[in-house]
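Undergrad: Quick one: this structure, given as structure tokens, is what I'll be asking you about.
Readers should treat all values here as calculations from the given coordinates under stated rules, not as data from a laboratory. Not measured: the values here are computed from a predicted model. Glycine gets a Cβ as well: all are built from the backbone with ideal geometry, and neighbour counts include every protein chain shown.
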Amino acid sequence: MKTHVSTNLTVTFLEPGKESLTKQKFSNSVENPLEVDVLAFGRAFSQLLPTDVSYNSVVETKEIEYTA
């Protein structure tokens, strides 16, 4: 049986002076978020970033459990 355990959203952004992206994880999102809602979430989060920080993307991670 396939069971949804969790959906997480991770916003990635680039800070000045750093070579790698910074990640901010948001746990326990809704099970199947619409793409438009995920993109809107990323845009809303980007409004909270300092002006010298660049928003990059939102990564959706799903955890599914399979049992016999």
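Undergrad: Taking Cα atoms, how many degrees apart are the long axis of helix 35-46 and the longest axis of the chain, rounded to 10 and kept between 0 and 90?
TA: 40
Undergrad: Give me the orientation-averaged projected area of the Cα convex hull of the chain, in nm², one decimal.
TA: Mean shadow area of the hull around the Cα atoms is 5.3 nm².
Undergrad: Right, here's the next one. Using a Gaussian network model of the chain with C-alpha springs under 10 Å, which one of 30, 11, 58 is most mobile by mean-square fluctuation?
TA: Residue with maximal mean-square fluctuation among 30, 11, 58: 30.
Undergrad: Comparing 51, 12, 22, which has the greatest mean-square fluctuation in the GNM of the chain with Cα pairs linked when under 10 Å apart?
TA: Taking springs between Cα atoms under 10 Å, the residue moving most is 51.
Undergrad: Using unit Cβ charges (K, R positive; D, E negative) and no other charged atoms, how large, in debye to the nearest 20, is the dipole of the stretch 2-66 about its Cα centre?
TA: 60
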